[in-house]
Amino acid sequence: MTDPRPVPVALPVGPPVTRPRRDALLPALHEAHDAAGWLAPEALDAIADRLRLGRAEVFGVASSYASFAFTPRPRRLRRVCTGVMCVVAGAEAPGADAPGVVASPCLGRCEQAPAVLDTDGGRAVAPVAPAPVPQPPTERSLLRRVGVVDPSSLDDYRAHGGTAALGHARTLGPAAVRAAVTASGLTGRGGAAFPAGRKWEAVAAAAGGPKYVVANADESEPGTFKDRVVLEHDPFAVVEAMVIAGFAVGATTGYVYVRDEYPEAIARLEHAIDAAGAAGLLGDDAGGLGVPFRIEVRRGAGAYVCGEETALFASIEGYRGEPRTKPPFPVDAGLFGRPTLVHNVETLANVLTILDPSGPRPETKLFSVSGAVTRPGLYEVPMGTTLAEVLDLAGGVPAGRTLQAVLLGGAAGTFLHPEEIGVPLTVEATRAIGATVGSGAVFVIDDTTDLATVVLGIATFFREESCGQCVPCRVGTVRQEEVLHRLVHGRPLGSVAEEVQRLRDVGAAMRDASICGLGQFAWNAIEGAVDRFGVFGAST
Amino acid sequence: MVDPRRTATAEFADLWLPIDVGADIPLAHAIAHEIIAAGLVHEEFVARATTGYAEFAAQVADWTPERAEARTGVPADLVRAAARAYATAPKAQLCWTLGITEHRSGVDNVLALCNLALLCGHVGRWGSGLSPLRGQNNVQGGGDMGALPNRLPGFQAVTDPDARARVEAVWGAPVPPEDGRNLTEMFAAMETGDLRALYVLGENPAQSEADATRARRLLAGLDHLVVQDLYLTRTAELADVVLPATAAWCESNGTVTNSERRVQRVRAAVRAPEGARDDLAILVAVADRLGADLGPADPETMWDELRRVSPLHTGMGWARIEALGGIQWPCPSETDLEPSFLHGRLWADDPADRGRPAPFSVVEWVPPADPLAPDYPIRLTTGRRLDSYNTGVQTRRFSSPLRFGETVDLSPADAADLGVAPGETVRVVSRRGSVEAPVRIDPGLRAGLAFMTLHFGDDVDTNRLTVEAVDPKSGTAEFKATAVRIERIAAPVGARGGTPAP
Amino acid sequence: MSGHEVAVTVDGRPVVVPEGATVLDACTAAGIDTPTLCFGDTVAARNVCRICVVDVAGSRALVPSCSRPAEPGMEIATDTPRVRHARRMVLELLGSSVDLSLTDHVEEWNARYGADPDRFGPDAATVAQPVKVDNDCFVRDYSRCILCYQCTDACGEQWQHTFAIAIAGRGFDATVSTEHGVGLPDSACVYCGNCIEVCPTDALMFRTEFDLRTMGTWASERQTRTDTICAFCGVGCTLTLHVQHGVGDDDGDRIVKVTSPHSSSVTAGNLCIKGRFGAGHVHP
């Protein structure tokens, strides 16, 4: 067996490294934080000295992540989700008098709302929850193994069709694999819906190396939990898809960047990587493809913006999770400035269905359904299924309630009226009504919920998650929340119309002039609430 | 990076070679040995552009990295790595400061480095070469102007009749055909009574000379001492006549020349204090009293005179320097600029253009003059700190957050052996004298190595310790290698039953 | 590759710029004055203030002109309603949260773009905080900081490699900080002052200037600037001496600030503590 991971990064305490190891910073911060429950100044300085980084820089990087505490805090921690899905379900932010209980942005457990997560030294305390996938396995494609196989067993994975796509890829060769992905019409499932095949061809053609494959599992869009379910219940699928991607584009190293709020997913993925390494699926001759491929898991530290691909690269590299200007695009200059193929977990999972030896399976899409439905959970439906059909699958709004709105696409998404739910959930159809599928989050709001409060919650979320790099987002999200706060509390500065004009002015600048999608979409849902729902009585 | 201390610069280095003080020639020879043994000599360059290779190669044949390790303290593997990195780099420079030159073998140390550059052809091309990093803003310019005992302006030899004739024609006065005395020879002449009057401009030898006790005795014993300075320095306090001068860099107009031979303009920005006069004006006035007319005390006029006597500077009109912001010599043409590097001729195809080949130098190692011994077991080396300048005459007048005064810096191991704590005042004793200074522990120092500066001579006269062992070729003293011992003054911290400190 | 040229249009006018030139360069070549705040001439463009944005045909969002390379055929618009609005909002957002009173051009730009920073009311959050005065060389007034990143880049990997300061915290709470916020004397700072050199808002200020301003004796109309060469080593850095001729009742000359020309081929505006702060010895 060869080592399934590229390089050891969680350096033990010991002599300083010979060259600065910025890329080892985030794992080192986690190591220290897990051990103590918080990051003492001495611990931060020791990490800086050991990795030969500036102490101010290490402090600057660490303090950009919400997961890290800088005052004493117990190792054993209860995170209370204060995402809007859970607040609507009755969650309340913990008070300052409960030292081991902290508020958390959306935990990605919206089907359990109000959700909590108990950890000790970063590891989950409770057993992994059963997969929230109500549909029977026969009706699923991407999710066909979820809840069916033992996620710790490579043998079980194989017994349920696992590694068949890898074998098929070996037969096809890299160019034909890329052609198959292109021919499938697969588009990115993280929200931007960029054609995957174009990325694969671009990375394969890019000059320079080494090249990287990055799985974006920093699933932080409120209301979204599809990647968590896949990682927890079918982790070998992610490994297999990455090996194939590396083979097809000429990359030898893969990173999976998983958000800190998914400790069970991280544990199961780590186990899968070890098992895959032992079986030769990773290592010097990964999966018998004749080329090396290794995978390293990187754990995020509480930053929504790190779901943006360039911020994610910065985070892996040991910089603050701040997005970079594009161009250059990741296919040319991504992780460590090298050509990089970056995909969301769901997108990667599709690679296995495209390369099914019996022919490509029909394209499907995952939807995380939460809120006012009878059966919240993860649903897999054929492309083109309408929102109404998805809501029906989830059992519809509970008896006695009335549908008020659906927030489609998470905090960066759009509020839809009940009369709009006939829309097919495709990029084109949703765009036609001014909405977006986004990450596939479907948050259902009934008539008992005050929409203005939801809107204010969204504004607070963006203000808290802005990295602070560019002016429109850094200050704009503050001004947006200030206005909404005044409006929700009935204390407008001047007329309501003036306040709404402030929102529009700030929102337009954020959309037009922010560096990344966070700022560009921070006004999106709020604009819809104002314009489509007239939440503040001024819809002009 | 070669340095006895792990300095801040060493933190950036791919390779840090922790050399024992004074072992520069063994290290250079070992690197040369490795370059030759590894077959990395630039054969074509050596054959076409150098002489003396065979003798040189024979000399370094014995200096294996292993043998050198015993002298230098640098592990043989590091020497090999450095040699290969230097020899295989497309471009490589050797830059040095006083750590090379402030030894009694200072010139030979430099020649040993020149050998390495010749061996690899790392000279005469853009991005490659040899560069002494000057410690003062006009060390280069002073030499360029002829303020050396054996040189006329433009580095022309005093002994060269053609050069003398050219200068005499412009100056209208004869130039003595023999070399003058360097600083060390002047002090030696004071000792013998051959030199009895001295005119010091902008130097503070009472504090900056090695073996300062001797230097002060000799200065005080002169028949007549004139000091021209910004301040009443310790040297000026000994003077018969003090000529108050303006600060050349901000109260006068003129030029200075930096380490890369770039001539740049200094300009008066503030009015000088009442009574202070420009250096040039003072010299012209003194000459006038002596009956010589040096012309107007105008820097541009004086500069134009230089351009007539120094071919290196002929093309550098005052207006051109202003327009370009600075010009590197040589600059013989008023219209063209020469390449920014020297010795490019060595690469010429035509032997006539190539000119005189560059000689390899066979230099022998001379260990430091002040040997370590059981009585004096610690090697003290001296140097500068970032925020201070030489004897501190100028820099002590600004409030630096980095400054902590003079200390004797010890390695953690030596401090532990001696049982001394940071801040504790100890006595540092050499064969010439002793000083007292507080201890500072520097993890960048290896056991057996101590460090002090000369910035705070009024408080801690470090140069009482240093040795007046002089390089006969340069006249520079061996400030970098003094043998000392550290003596405790107070009772050990926390000692029981000791006498309480007064 | 040098010598190639790129043809673009700026507001409909054809402009040719050298390959590698930015959109900002193209705008300048077209004679258009583009406001910039975070853009500095000695550090890589960070494009974080977003005041220099322009409309580029085919691009959904506005484009930061300071960092985007000009590409053949680019159609650049600098005066569209979107561009004017974004610039106005950047001025309002910064003006309502940061003290820009010492920042060049802000009044002029506010007028040009119709910006009214007061429109967010008196309770709008700001970055106001006490001035950090912890050494005799320079002070840090982060009430004036727009987070342009130039000081951290100059301190860090683009020039000084000291890494005494970095951006810490995030969002609106992000600030320039030493480790754990310790004072400069306890940090890695070497007082090169290269951060002051690049600061566009005077958030970083010589202690002399700060003290004179505090005492009301700062008089820029009585100041001259003279270039000379530093006396303290052989590098040969150019110093621009800012001399005030008369301070209060004293009619003597006083060096109140030292900068360095960014165009200097020797050190591109960078100095060390001696050149930046060591001039005091010429004063009695």
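Numbers below:
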{"read-out": "The stretch B:4-128, relative contact order in percent, only Cα pairs under 8 angstrom and at least six apart counted", "value": "34"}
{"read-out": "Chain B - charge dipole about Cα centre, Lys and Arg +1 at Cβ, Asp and Glu -1, debye rounded to 20", "value": "840"}
{"read-out": "No Cys partner within the rule (Cβ under 4.7 Å), chain A", "value": "A:CYS106, A:CYS110, A:CYS306, A:CYS467, A:CYS470, A:CYS473, A:CYS516"}
{"read-out": "Separation of the B:ALA165 and C:VAL131 label points, Cα + 7 Å toward Cβ, nm", "value": "6.8"}
{"read-out": "Förster radius 30 Å - calculated FRET efficiency between B:ASP375 and B:ARG67, Cβ distance, rounded to 0.05", "value": "0.55"}
{"read-out": "Separation between Cα centres of the stretch A:308-333 and the stretch A:440-500, rounded to whole Å", "value": "27"}
{"read-out": "DSSP beta bridges in chain A [antiparallel fraction, %, rounded to 5]", "value": "50"}
{"read-out": "Per-residue ³J(HN,Hα) for the stretch A:485-492, Karplus 6.51 cos²θ - 1.76 cosθ + 1.60, θ = phi - 60°, Hz, x for Gly and Pro", "value": "4, 5, 5, 4, 9, x, 10, x"}
{"read-out": "Ellipticity estimate at 222 nm from DSSP helix runs (n ≥ 4, -39,500 (n - 2.57)) divided over chain C, nearest 500", "value": "-5000 deg cm²/dmol"}
{"read-out": "5 angstrom amide H check on C:LYS257, placed H, neighbours 5+ away", "value": "C:HIS242"}
{"read-out": "Three-way shape call for the stretch A:256-391 based on the alpha-carbon gyration tensor, with the a/c threshold at 1.5", "value": "oblate"}
{"read-out": "Pairwise centroid distance, computed over Cα atoms, of the stretch B:173-188 with the stretch A:171-197, Å", "value": "83"}
{"read-out": "FRET efficiency, 1/(1 + (r/R0)^6) with R0 60 Å, evaluated for A:THR402 and B:TRP96 via beta carbons", "value": "0.10"}
{"read-out": "Centroid-to-centroid separation of the stretch A:77-135 and the stretch C:126-180 [C-alpha atoms, Å]", "value": "36"}
{"read-out": "Model label zone, B:GLU436; criterion: amide N under 16 Å from point 7 Å along Cα-to-beta-carbon; scope the stretch B:451-477", "value": "B:458-462"}
{"read-out": "Among B:ALA285, A:ALA405, C:ALA203 - extreme Cα towards positive end, dipole of the protein assembly as shown, charges at beta-carbon", "value": "A:ALA405"}
{"read-out": "For A:LYS365, residues with placed amide H under 5 Å, excluding near neighbours", "value": "A:VAL381, A:MET383"}
{"read-out": "Hull-based mean projected area of chain A, where the convex hull spans the alpha carbons, in square nanometres", "value": "23.9"}
{"read-out": "Share antiparallel - DSSP beta bridges, the protein assembly as shown, percent rounded to 5", "value": "60"}
{"read-out": "Sum of -39500 (n - 2.57) over DSSP H runs of 4+, divided by residues of chain A (222 nm, nearest 500)", "value": "-11500 deg cm²/dmol"}
{"read-out": "The stretch B:261-379 - percent relative contact order, Cα under 8 Å, separation 6 or more", "value": "21"}
{"read-out": "Chain B: proportion of alpha-carbon pairs further apart than 38 angstrom, %", "value": "34"}
{"read-out": "Extension gain from B:ALA85 to B:MET1, taking 0.36 nm per residue of separation minus the Cα-Cα distance", "value": "29.1 nm"}
{"read-out": "Principal axes of the protein assembly as shown: Cα extent on each, largest first, Å", "value": "116, 82, 71"}
{"read-out": "Within chain B, helix-based [θ] at 222 nm, where runs of 4 or more DSSP H residues each add -39,500 (n - 2.57), nearest 500", "value": "-8500 deg cm²/dmol"}
{"read-out": "Amide H partners (placed H, <5 Å) of B:LEU17, local residues excluded", "value": "B:VAL2, B:ASP3"}
{"read-out": "Interatomic Cα distance distribution for the stretch A:76-124, bins of 10 angstrom, percent", "value": "32, 52, 16"}
{"read-out": "Of every Cα-Cα pair in the stretch A:137-354, the percent that sits beyond 22 Å", "value": "44"}
{"read-out": "J(HN,Hα) series, the stretch B:94-100, from Karplus relation 6.51 cos²θ - 1.76 cosθ + 1.60, nearest Hz, glycine and proline x", "value": "10, 10, 9, 10, 5, x, 8"}
{"read-out": "In Hz, Karplus ³J(HN,Hα) per residue of the stretch C:204-219 (6.51, -1.76, 1.60; θ = phi - 60°; x = Gly, Pro)", "value": "9, 9, 3, 4, 4, 5, 4, 5, 5, 5, 4, 7, x, 10, 6, 9"}
{"read-out": "Unit charges on C-beta of K, R, D, E only; dipole of the stretch A:364-446, Debye", "value": "160"}
{"read-out": "Projected area, mean over directions - the stretch A:364-446, Cα convex hull, nm²", "value": "4.4"}
{"read-out": "Efficiency of FRET between B:ALA37 and A:MET383 - r from beta-carbon atoms, R0 56 angstrom, step 0.05", "value": "0.20"}
{"read-out": "Antiparallel content of DSSP bridges confined to the stretch A:76-124, in %, to 5", "value": "65"}
{"read-out": "Percent RCO, i.e. relative contact order, over chain C, from Cα pairs under 8 Å lying at least 6 residues apart", "value": "13"}
{"read-out": "Cα-derived Rg over Rh, computed across the stretch B:139-328 with Rh taken as Kirkwood radius", "value": "0.97"}
{"read-out": "Sequence ranges B:340-351, C:255-266, A:461-472, ranked by mean other-Cβ count within 10 angstrom, highest first", "value": "A:461-472, C:255-266, B:340-351"}
{"read-out": "Lysine pairs in the protein assembly as shown with Cα atoms under 25 Å, if 8 or more residues apart or on separate chains", "value": "10"}
{"read-out": "Whole-Å semi-axes of the stretch A:92-202's equivalent ellipsoid (Cα gyration tensor)", "value": "37, 21, 14"}
{"read-out": "Sorted largest first, extent of the stretch A:451-531 alpha carbons per principal axis (Å)", "value": "32, 20, 19"}
{"read-out": "Volume of the Cα convex hull of the stretch C:138-282, divided per residue and given in Å³", "value": "123"}
{"read-out": "Label zone at B:VAL286, where the point sits 7 Å out along the Cα-to-Cβ direction: the stretch B:195-218 residues whose backbone N lies under 13 Å", "value": "B:197-203"}
{"read-out": "Residue mean of other protein chain beta carbons inside 10 Å, C:79-91", "value": "4"}
{"read-out": "The stretch C:1-85: C-alpha gyration tensor shape, a/c 1.5 cut-off, then a/b vs b/c", "value": "oblate"}
{"read-out": "Peptide A:501-513, shielding by other chains (average Cβ, 10 Å cutoff)", "value": "5"}
{"read-out": "Value of Rg/Rh across the stretch B:3-139 [Cα atoms, Kirkwood radius]", "value": "0.94"}
{"read-out": "Dipole of the stretch A:364-446, positive end: most advanced residue of A:GLY377, A:VAL423, A:GLY395 [Cβ charges, Cα centre]", "value": "A:GLY377"}
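FYI, it's all coordinate maths here, none of it is from the lab. No experiment lies behind these values; they were computed from the predicted model shown. In this analysis, Cβ positions are derived from the backbone assuming ideal geometry, glycine residues included, and neighbour counts consider all displayed protein chains.
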